[in-house]
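This report refers to the structure that appears directly beneath it.
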Amino acid sequence: MASLGRLSRALLRAPLSQTRQFSAAAAHGHGEPGAARLWKILTFVVAFPGVAVCMLNTYLKMQHHHHENPEFVPYSHLRIRSKRFPWGDGVKSFFHNPEVNALPDGYEEHEE
């Protein structure tokens with residue numbers, strides 16, 4: 001029985017000592033030399049230009065975007081209104097977008 005107690009203490013002690021060594025090494029900055037410099041360079045050379053290219057792509061796509069609504073089909077299971085909304089005219093949802101969202105009787109007409 002005593003050997004079982006010693007074995008369990010040894011097993012419980014091993015992971016804690018490794019964890020302490022790892023955290024102590026990280027706290028004292030004993031990491032790979034130049035790792036921070038590498039990540040700083042990668043941030044400025046890869047990450048920031050990548051974000052800039054994505055932003056440019058999104059901007060250019062928005063410039064050429066012409067939205068046309070699909071044909072309205074009054075399905076009975078969509079746009080059910082059991083009671084009126086407490087704001088506005090009671091038909092439009094709180095985040096209603098007239099260019100995208102249809103009302104129960106069809107899309108709103110816009111003069112362009």
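The values are calculated or read from the model by the stated rules, or taken from the named source; none is laboratory data. All values derive from a computational prediction rather than experimental measurement. Quick reminder, even Gly has a Cβ in these numbers, built from the backbone with ideal geometry, and neighbours come from all protein chains shown.
For this structure, a couple of remarks:
- Per-region count, the stretch 90-112, residues touching a residue at least 12 places away in the same chain (Cβ under 8 Å) and in a loop (DSSP other than H, G, I, E, B): 9
- Pairs, first closer than 16 Å to E108 by Cβ in the stretch 66-89, second among the hydrophobic types (A, V, I, L, M, F, W, C) and in a loop (DSSP other than H, G, I, E, B), C-beta under 6 Å, six or more apart: F72/A102
- Boolean, V73 is in contact with a strand residue (DSSP E or B) (Cβ under 8 Å, 6 or more places away or on another chain), modelled with pLDDT of 85 or more and in a loop (DSSP other than H, G, I, E, B): no
Yes/no per residue for (1) at negative phi; (2) not hydroxyl-bearing (S, T, Y):
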| site | (1), (2) |
| --- | --- |
| G34 | no, yes |
| W39 | yes, yes |
| T43 | yes, no |
| A47 | yes, yes |
| V51 | yes, yes |
| N57 | yes, yes |
| H67 | yes, yes |
| G88 | no, yes |
| S93 | yes, no |
